[in-house]
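Student: Below is one structure. I have some questions about it.
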Amino acid sequence: MNLLTTAPIFQSHMVLQRDKPMIIWGQAPGKTSVTVCLRIPSAAPQTATASPEGASALSGTWKCTLPPQPACENASITITCDHPSCETITLTQISIGDIWLACGQSNMEFFLRYDTDWEHVKAYDKNPKIHMYNVPQLAFEGQQRDTTGYGCWLEEGDIGFDSFSAPGYSFARNLQPHIDVPIGIIGCNWGGSTAAAWLDESCLANEPLAVYLREYQAALQEYPTEEMTRRSLEAWDFEISERHTQEFMPLLYGRNRAWQERYMKEHENDPFVPMGPYNINRPGGLYHQMLEPLIPFAIKGVLWYQGESDACHADLYDKLMTSLITWWRGKWQDELPFLFVQLAPFGVWLACDSKGYAIVRKKQELVSKTVPHTGMASIMDIGAYYDIHPKQKMEVGRRLALLARGKVYGEDILCESPEYLSAVRERTESAKSSALITLSFTNCGSLHRKELAADDISAAPKSIVSDGTHASINCTDGITGFVLLQENREIPITSITIKGASVALTAEALTDAPCTLQFAWADYAVVNLCNEAGLPIKPFQCEV
């Protein structure tokens, strides 16, 4: 057994971040020196040595920093130690390029093999400049899981490729040809996780975020310590069993409501992990188990797709995400770009519903407006009423790549969704009670109507009320999503016309009183108005 080791992320076929100091670390016998040598074709070797100092020497931890390097391929690293029992570590076929961290819950974790475009993706010509790494999913210290494709660097077609993040891979596939350097995507995600699990507990110490800590402390009182441990470990044995995996997997391909209801009835007595020290959603748990061990591995930026599990505290989501972004940037000591996905429309899936989603989306947009170096991709046009997991993840990745190209790499392209700018209301000549409302948008070029699949509307209930507002499934002139309200009643919209970057709505039976116009301003909505880049109009509400 070699007494000289590196952190698990450092392997052959890996990608290191270009143009930033490259920190490499691991374990070695105490009071020894470790030397790291980076060899790049047609360049002089770069060497860094870690000498034993203070606590690092006593714990056996070493850390070396190599100087920033431009993008390249076929580099190698040798790591040596002056302890006689340590063997040299040699890492080969290393690329230097841009690394993006793909984080969040199940919609970011969503495997390529479940995506609607998987058959096409399998037929792609291989791009050798794309490399992927899945951080092993470990819920608590000491947990043992043997999951294919996790903890190793992959390329397209390798074993484990089909279980990599579909949005993360699509982002790399769409971005790489435009920046022409190697790309590394690190998947660090877990289905059902709250954002509170992905940051340090200290970030939750103050109000109003302290509610997460209070709820956790209350949950700890439900079982004595030994009973908590017994129930948790029993549930984890079931959770990672082959039987459970095979029975649950069809849901990820998509199943109708009747199938879901049968599944819930058949599995209503399945064991579950109670909230406590073994639960993925304990505050800070996934941060310490999965993310913290990656720091300070240099990266270009972060992709984030999460929010479903925090709809129960929807009004706090902007504060939660702002704290998470601030904490991560502080730990990396880098003003990392954060590109995230606005929650898709959704109604009900298994025992989950979408209550609070409209508020979460509002808070997500607020973060994109108030936190520097962030960007939000809207996917309001690709939701499904009975599926919390939209299957068009390759399109989600494309939209994140557009954001990166425009907001991070500086391309002059249309990369953001249309955004409400202004509304003008005027009487029409045809009738005194008829009004014409003209809406203007930014980030358009020009608007167009996207063709809806047959089940986009028919699969949803015909009448939905969400948080006091009507769900945006109305369809006028083939355009969905608009709701006009006046004096606590819905006003029929009789016509909708697209005029370049504007939309004109005609409504009857309007009084002179103010009215409220909503677009996709509900937990569930159907949206089919897009700009020239195929990006949907973001939800908005305005007084007219």
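Student: Assigning unit charges at the beta carbon (Lys, Arg +1; Asp, Glu -1) and nothing else, what dipole magnitude in debye, to the nearest 20, does segment 114-218 show about its Cα centre?
Tutor: With only Lys, Arg, Asp and Glu charged at Cβ, the dipole is about 60 debye.
Student: Then there is this: Answer with one residue from L485, V34, W118: the one whose Cα lies farthest towards the positive end of the charge dipole of the chain, charges on Cβ with Lys, Arg +1 and Asp, Glu -1.
Tutor: Toward the positive end, the furthest listed residue is V34.
Student: Which shape class, rounded, prolate or oblate, goes with segment 188-303 when its Cα gyration tensor gives a ≥ b ≥ c as root eigenvalues, a/c under 1.5 marks rounded, and past that a/b bigger than b/c marks prolate?
Tutor: Cα axes put segment 188-303 in the oblate bin.
Student: Which of rounded, prolate, oblate describes segment 78-206, given a ≥ b ≥ c as roots of the alpha-carbon gyration tensor eigenvalues and a/c under 1.5 marking rounded, otherwise prolate only if a/b is larger than b/c?
Tutor: Judged from the Cα gyration tensor, segment 78-206 comes out oblate (a/c at least 1.5, b/c at or above a/b).
Student: Sticking with this one: Rounding to the nearest 10 and keeping the result within 0 to 90°, find how far the Cα-based axis of helix 242-253 lies from the longest principal axis of the chain.
Tutor: Value to nearest ten degrees: 40.
Student: Going by average Cβ density within 10 Å per residue, which order do the peptides 28-40, 102-114 take, highest to lowest?
Tutor: Ranked from most to least packed, the peptides come out as 102-114, 28-40.
Student: What FRET efficiency, computed as 1/(1 + (r/R0)^6) with R0 = 51 Å and r the Cβ-Cβ distance, is obtained for W259 and T92, rounded to the nearest 0.05?
Tutor: 0.60
Student: With a Förster radius of 51 Å, plug the Cβ-Cβ distance of L350 and N74 into 1/(1 + (r/R0)^6) and report the FRET value to the nearest 0.05.
Tutor: 0.60
Student: Residues with amide H under 5 Å of A377's amide H, sequence separation 5 or more or different chain, H placed in the peptide plane at 1.01 Å from N; which?
Tutor: Correct list: F340, V341, Q342.
Student: Let me ask something else. Expressed as a rounded percentage, what relative contact order does the chain have, with Cα pairs under 8 Å and six or more residues apart?
Tutor: Computed over the chain, the figure is 12 percent.
Student: Then there's this: Apply the a/c threshold of 1.5 to the C-alpha gyration tensor of segment 342-429 and tell me whether it is rounded, prolate or oblate.
Tutor: oblate
Student: Next question. How high is the FRET efficiency from H448 to R230, r the C-beta distance, R0 41 Å, rounded to 0.05?
Tutor: It comes to 0.10.
Student: Amide H of N474 versus every other amide H placed in the peptide plane: which residues, excluding those fewer than 5 positions away on the same chain, fall under 5 Å?
Tutor: It is G481, by chain and number.
Student: Let me ask something additional. Taking only Cα atoms, what is the 0 to 90° angle, nearest 10, from helix 357-370's long axis to the longest principal axis of the chain?
Tutor: The two axes meet at around 70 degrees.
Student: Would you mind putting 20-26, 187-193 in packing order, based on average other-beta-carbon counts within 10 Å, highest first?
Tutor: 187-193, 20-26
Student: A further question follows. Give the accessible area for Y305 in Å² (nearest 10); use a 1.4 Å probe, count only protein heavy atoms, and leave out ligands, DNA and RNA.
Tutor: Here the accessible area works out near 0 Å².
The values are calculated or read from the model by the stated rules, or taken from the named source; none is laboratory data. Bear in mind the structure is a predicted one, so any value in this text is a computation, not a measurement. Quick reminder, even Gly has a Cβ in these numbers, built from the backbone with ideal geometry, and neighbours come from all protein chains shown. Ligands, DNA and RNA are stripped out before the accessible areas are found, and what is left, the full protein with its side chains, is counted by its heavy atoms. Shrake-Rupley method; radii C 1.70, N 1.55, O 1.52, S 1.80 Å.
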